[in-house]
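One structure is given below, encoded as structure tokens.
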Amino acid sequence: MTEYHAQNKAKLISETRRRFEAEYVTDKPDKYDPRDVERLQQDDNWVESYLVWRHNIVDEALKMLDESFQWRKEMCVNDLTESSIPRWLLEIGGIYLHGYDKEGNKLFWIRVKYHVKDHKTMLDKKKLIAFWLERYAKRENGKPITVMLDLSETGINSIDMDFVRFIINCFKVYYPKYLSKMVIFDMPWIMNAAFKIVKSWLGPEAVSLLKFTSKSDIQDYVSVEYLPPHMGGTDPFKYSYPPLVDDDFQTPLCENGPIASEDEASSKEDLESDGKETLETVSNEEQTTLLKKINLTEHTSKAEENEKVDSKMKAFKKPLSVFKGPLLHISPAEELYFGSTESGEKKTLIVLTNVTKNIVAFKVRTTAPEKYRVKPSNSSCDPGASVDIVVSPHGGLTVSAQDRFLIMAAEMEQSSGTGPAELTQFWKEVPRNKVMEHRLRCHIVESSKPTTLTLKDSALAMSDKTSEDLYLQFANSRRESDFSTP
């Protein structure tokens, strides 16, 4: 059944591409942006999103593609940048991405009270919506988004049905399959009639995605940590510009707690790298040294050696999946697995491997900087080398499936230094289009089978092997336990 479904999907995608090229593109090649036409031929997920939204009816998907592609060219969507939007519109904070709902979907905030109906500024406001959605779509290919339509403190001057219809069309035609739900907060009674019209625009298949809420029930969809105080939440976030709100990723805790700036973080990490390790972790070099000591120390009992290996290594879970980026291979590919409180395995590991011929600078950011300690969080990786990054919850705080991590990486010139000052200056100057980004979700493993005995025995039996060999055996021993994707 699965094979049949895959074959049928491939057949529909192929038919859609062939017919769109023959029936829509050939006669009027200037009708669309050629970058969109090229992407349609290469991106299966993009074609599938239109097919799924139109119930796999190719004729309907083609009409939708035609309308969507014309709009994309008219709005110059592929060329929209921060500089395309008037500065005052970015400063006002009426439209932005921030936080996650309870299902882990990104929140797209539209604060209606900041919108004043004005046909002179309407095009710019539409461009701002398109800018954010395109930015999100390119980063999170296919992942749904939750629209937070905040109608609190809204007056009659803010009610603009043309603008609301544009937002609906964005998800109905231009970005199909991206809408998880639209949470409408504190809608004034005067707009009841208007939203009956909105429901007709959405169509019967999407009406169920509208969620009308008030302060008493909005937490059914979004937890308090991502709700502002006027919605009954505790989120301290306050919109400001510049810089552009960048998906809420911030510098995490360093080894000894919160830090004032990235500069200070880099300096502290550098200074402490030769000092006492406060995390129960071990680098590749330390692992090799540890294994050599097992061979060289003749007067230490086997039981004591077992205990040493266990205390250093038991917290690690070797990631089994790999994201293959142009600069770094990142493991795990999508999710960081944390043990539950009962399992006692709270730390997790991110492995970065440099696949270029140059040094690659990297830094780690998170949506919950107060929760996690990350080491190293701002460093570099030599050509062909690997770096292990240890992530651990801080001060007993609970890992949440809503938390996200961002790995940023960029190639450095051979002559560049890699000290704290050089890295800080490098990140200030590196062009945005030269930065590779990859996001990771958090996953909590509810139960965990003990693995320390296997690890200890393996370490002693393989004392002449490298730490990577030990890691691989450890990984294989875990393949059928916690690391299996649920």
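The values are calculated or read from the model by the stated rules, or taken from the named source; none is laboratory data. Please read these numbers as outputs of a predicted model, since none were measured by experiment. Backbone-built Cβ (ideal geometry, glycine too); neighbour counts: all protein chains shown. Note: areas computed on protein heavy atoms with side chains; ligands, DNA, RNA excluded. Shrake-Rupley method; radii C 1.70, N 1.55, O 1.52, S 1.80 Å.
Tabulated data for the structure shown
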| item | result |
| --- | --- |
| Among 105-112, 158-165, the order from most to least packed when residues are scored by Cβ within 10 Å on average | 105-112, 158-165 |
| Environment charge at GLU225 (Cβ cut-off 11 Å; Lys +1, Arg +1, Asp -1, Glu -1) | -1 |
| With every protein chain in place, the stretch 1-45: carbon and sulfur % of accessible area (1.4 Å) | 49 |
| Estimated vicinal HN-Hα couplings, Hz - the stretch 424-441 in sequence order (Karplus 6.51, -1.76, 1.60; Gly, Pro = x) | 4, 5, 4, 5, 6, 9, 5, x, 4, 6, 9, 9, 7, 10, 9, 10, 10, 8 |
| Spacing of the two label points (7 Å from each Cα toward its C-beta) at GLN70 and VAL116, in nm | 3.4 |
| Per residue, in Å², the accessible surface of the stretch 35-186 once ligands and nucleic acids are set aside, probe 1.4 Å | 41 |
| Under 5 Å, built H, 5+ apart or other chain: amide partners of ARG404 | THR367, ALA368 |
| With all protein chains modelled, accessible area of THR26 [1.4 Å, Å²] | 90 |
| Cα centroid separation - the stretch 53-105 against the stretch 358-417, whole Å | 30 |
| Loop-located GluC sites (Glu not before Pro) in the stretch 22-114, at most 14 other Cβ atoms within 10 Å (DSSP) | GLU103 |
| The stretch 112-195 - convex hull of the alpha-carbon atoms, volume per residue in Å³ | 94 |
| Label point distance in nm, SER83-GLU413, each placed 7 Å from Cα along Cα→Cβ | 2.2 |
| Whole-Hz couplings from phi, Karplus 6.51/-1.76/1.60, listed for the stretch 375-385; x for Gly and Pro | 9, x, 9, 8, 7, 9, 9, 6, x, x, 8 |
| Hz values of 3J(HN,Hα) by residue in the stretch 19-32 - Karplus curve (6.51, -1.76, 1.60), Gly and Pro given as x | 6, 5, 5, 6, 9, 10, 8, 4, 6, 9, x, 7, 6, 10 |
| Per-peptide average of other Cβ atoms within 10 Å, ordering 129-136, 434-441 highest first | 129-136, 434-441 |
